[in-house]
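The values are calculated or read from the model by the stated rules, or taken from the named source; none is laboratory data. As the structure is a prediction and not an experimental result, all values here were calculated from the model. We place every Cβ from the backbone using ideal geometry, glycine too, and count neighbours over all the protein chains shown.
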Amino acid sequence: MLRHPFYIGVWGDDMLTSLQNEQVKYVVNLHKRKFREENGEFLIEGWRFVEEGLARGAHLTKVFFCSECKNESWPQLAEALKVKGVPVIEVDERVLRKMSDTENPQGILAVVKQSRWTWDDFIEIVNPAGRSAIPMLLILDGVQDPGNCGTILRTALAAGVTQVCLTEGTVDLYNLKVLRSTMGAIFSLNIATHCQPEEILKVCRSHKIPVFVGDAEGTDLYETHFAQPMALVVGNEGNGPSAAFRGPGVKRITIPMSHQVESLNVAMATGIILYEVRRRMTSTT
């Protein structure tokens, strides 16, 4: 495993130009899931994404930028990074392309510390004082498409959900396509990864949190009574939720559809359910 390099070249030192530099190698390796998990860091790219991360309190450990590509927001962003004590390294365009995941990088990327969440961090959803718009634990069970995953996370935050679990087999949370689809929402969510369905059900039962699952067969969404707090499971694009979430004690709900349409995209379906739940819960408070 490549060890975390000693950071040099901060604020005013020479531009980083060598592709063989240990920092460059470290960033390139962060494109690999195993390396990200071993080192507890991930990458974000683009001016807006870095600004969002800083504004939402993400733990940025290093920022790399190319002066040839910097935009009009750079002076303010640079000052904010300096105030926060975030190391900033200037690189040439060739180095930036080596480190980037995109064909035409915007000119900036950042290394971010992964957040680690445990079950104790999710218990706040049963505490009325800590509730957001929807006191819900959202569970992504085997969702594979990065765009779907990121869109669901962004939609969840917009609807007022901040507690999320990803089961084992769900797409990597720190996949750059997932991250881009969240549009920065990831920094305002508590997300546990590599969760087992049986473990989730056990925790929900112990805290008397009813579990609902989106399924092709179930009670009409608009005729379902939703408890507060609650857990909602959305499943794999092709196979739906795993067997554990189809068992006793889990309430299936379905979105009524017309003209013999059999199913909806999982991100679209999740958005419909979340906003119906939000409408119901906020209208009774």
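A few remarks follow.
- Residue within the stretch 223-235 that is surrounded by fewer than 17 Cβ atoms within 10 Å (Cβ to Cβ) and in contact (Cβ under 8 Å) with a residue 24 or more places away in the chain present: no
- On inspection, Gly218 fails the criterion of being touching a Lys or Arg at 6+ places or on another chain (Cβ under 7 Å), without any contact (Cβ under 8 Å) to a residue 60 or more places away in the chain and assigned to a helix (DSSP H, G or I).
- Residue selected from the stretch 158-190 under the condition part of a loop (DSSP other than H, G, I, E, B) and among the small types (Gly, Ala, Ser), by the criterion surrounded by the fewest Cβ atoms within 10 Å (Cβ to Cβ): Gly169
- Criterion: at positive phi and either modelled with pLDDT under 95 or surrounded by 20 or more Cβ atoms within 10 Å (Cβ to Cβ) (or both) - qualifying residue of Gly46, Gly40: Gly46
- Test: residue in the stretch 266-281 that is surrounded by 12 or more Cβ atoms within 10 Å (Cβ to Cβ), assigned to a strand (DSSP E or B), touching an Asp or Glu at 6+ places or on another chain (Cβ under 9 Å) and among the aliphatic types (A, V, I, L, M): no
- The condition of being within 20 Å of Asp145 (Cβ to Cβ), outside the structural domain of Val50 (by TED's automatic domain parsing) and among the basic types (Lys, Arg) holds for only one of Arg205, Arg180, that being Arg180.
- Residue in the stretch 96-115 that is part of a loop (DSSP other than H, G, I, E, B), touching a Pro at 6+ places or on another chain (Cβ under 9 Å) and surrounded by fewer than 21 Cβ atoms within 10 Å (Cβ to Cβ) present: no
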